[in-house]
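Visitor: Before anything else, here's the structure in question.
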Amino acid sequence: MSEDLSKANQLVAAMATRNRVAVMMANDVRDRRLGDAEYIERLSRLMKEQAESADLAAATVRDASVDAARSLENYRDVLTAAADPVTGGQEWAVADRSLTTELSKTENAKLLRDDRIQMTIRASKESAMHTWSPGASMSEVEAACERFWTNHEQQDRQRSLRLGSWTAGYDRSRPVTEAIRAIASEDTLNRIAKTKFEQSQALSTDPDSPAGREAARLMTVDRSTGVTRTQEWDRSLGRDRSLAKVGPDMTGPGPDVTGGSRSPETPGLD
């Protein structure tokens, strides 16, 4: 029994360390010390290791406490659900950094009051990681897990579009995109539309050009978060958006996006 408890304590200590690392990584990505793609990859690996440790810890403590084992298994299940590449949670730190850059302070304040954004935060990968903490009681962990499941299920419903008897699956970024459309100014929406048009044009015209590769890189993450990074796209083109024509006309002359060398306080998770 003492050997099992010692092993359980080692597993819990490793889990606590991963929680601290997750917080530091989220801060690094918001402060631009860590790139989006690297953060996404590292967080995914961290969550997998955390789920494995939770599973082992649950098996180790079962004889001593069935309730503690069940709590750890629930945490494991939360991590597994949040990590799913289709129905799982967002990497909120990435979306949050983009929103802080792309939207005005007034728009951000409105956005963070939107129920769809609060749901996305509470169903995020970061939120899943912190449903358990070493100092939390079993009842606190269970309450945090229940809150995650409620928002996870709500997100799953909102990411789908029902067309009569047929349901079309959308990805988890849909609620964020819809929330942005609901609160953004006309100028912001025009800037987003222009960026999407230019990126699609670059990708279809010459995907192997510098602009085509940059469009593909940005669009991959933007589709996941629901946030279009217009400023980072502008920087890749060497353009100051304030000097560009931004309006409903998306078809007029614009910068060359077909090639050439061209030199980018979140709310709590509870």
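Visitor: Pull up the stretch 42-69, narrow it to residues that are of a type in the set (D, E, K, R) and at pLDDT 95 or above, then point me to the one that is surrounded by the most Cβ atoms within 10 Å (Cβ to Cβ).
Guide: Out of the qualifying residues, it is Asp55.
Visitor: Taking the residues in the stretch 126-140 that are under 25 Å from the mean Cα position of the chain (by Cα) and not in a loop (DSSP other than H, G, I, E, B) as candidates, determine which candidate is nearest to Leu46 (Cα to Cα).
Guide: Filtering the stretch 126-140 for residues that are under 25 Å from the mean Cα position of the chain (by Cα) and not in a loop (DSSP other than H, G, I, E, B), the one nearest to Leu46 (Cα to Cα) comes out as Met129.
Visitor: Here's another thing I want to ask about it. Arg172 versus (1) of a type outside the set (Val, Ile, Thr); (2) in a helix (DSSP H, G or I); (3) under 22 Å from Ser124 (Cβ atoms); (4) open to solvent by less than 50 Å² (accessible area, probe 1.4 Å): which is the lone unmet condition?
Guide: Failing condition for Arg172: (2).
Visitor: For the stretch 85-117, name all the residues that are in a helix (DSSP H, G or I) and open to solvent by 40 Å² or more (accessible area, probe 1.4 Å).
Guide: Those that are in a helix (DSSP H, G or I) and open to solvent by 40 Å² or more (accessible area, probe 1.4 Å): Thr100, Thr101, Lys105, Thr106, Ala109, Lys110, Leu112, Asp115, Arg116.
Visitor: If I ask for residues that are more than 23 Å from the chain's Cα centre (by Cα), acidic (Asp, Glu) and closer than 26 Å to Gln90 by Cβ, which ones from the stretch 195-240 would you list?
Guide: Hit for the stretch 195-240 is Glu198, nothing else.
Visitor: In this structure, does Thr220 turn out to be open to solvent by 60 Å² or more (accessible area, probe 1.4 Å) and either at pLDDT 95 or above or of a type in the set (S, T, N, Q) (or both)?
Guide: Yes: the conditions hold for Thr220.
Visitor: Then there is this: Within the stretch 223-249, which residues are modelled with pLDDT of 90 or more and not in a loop (DSSP other than H, G, I, E, B)?
Guide: Thr225, Thr230, Gln231, Glu232, Trp233, Asp234, Arg235, Ser236, Leu237
Visitor: Got a sec? Which of Glu91, Glu107, Glu102, Glu140 is of a type in the set (D, E, K, R), within 23 Å of Ala14 (Cα to Cα) and touching a helix residue (DSSP H, G or I) at 6+ places or on another chain (Cβ under 7 Å)?
Guide: Sole residue among the options that is of a type in the set (D, E, K, R), within 23 Å of Ala14 (Cα to Cα) and touching a helix residue (DSSP H, G or I) at 6+ places or on another chain (Cβ under 7 Å): Glu91.
The values are calculated or read from the model by the stated rules, or taken from the named source; none is laboratory data. What you see is a predicted model, and the numbers here were worked out from it, not measured in a lab. Backbone-built Cβ (ideal geometry, glycine too); neighbour counts: all protein chains shown. All accessible areas refer to the heavy atoms of the entire protein, side chains included, with ligands and DNA or RNA removed. Shrake-Rupley method; radii C 1.70, N 1.55, O 1.52, S 1.80 Å.
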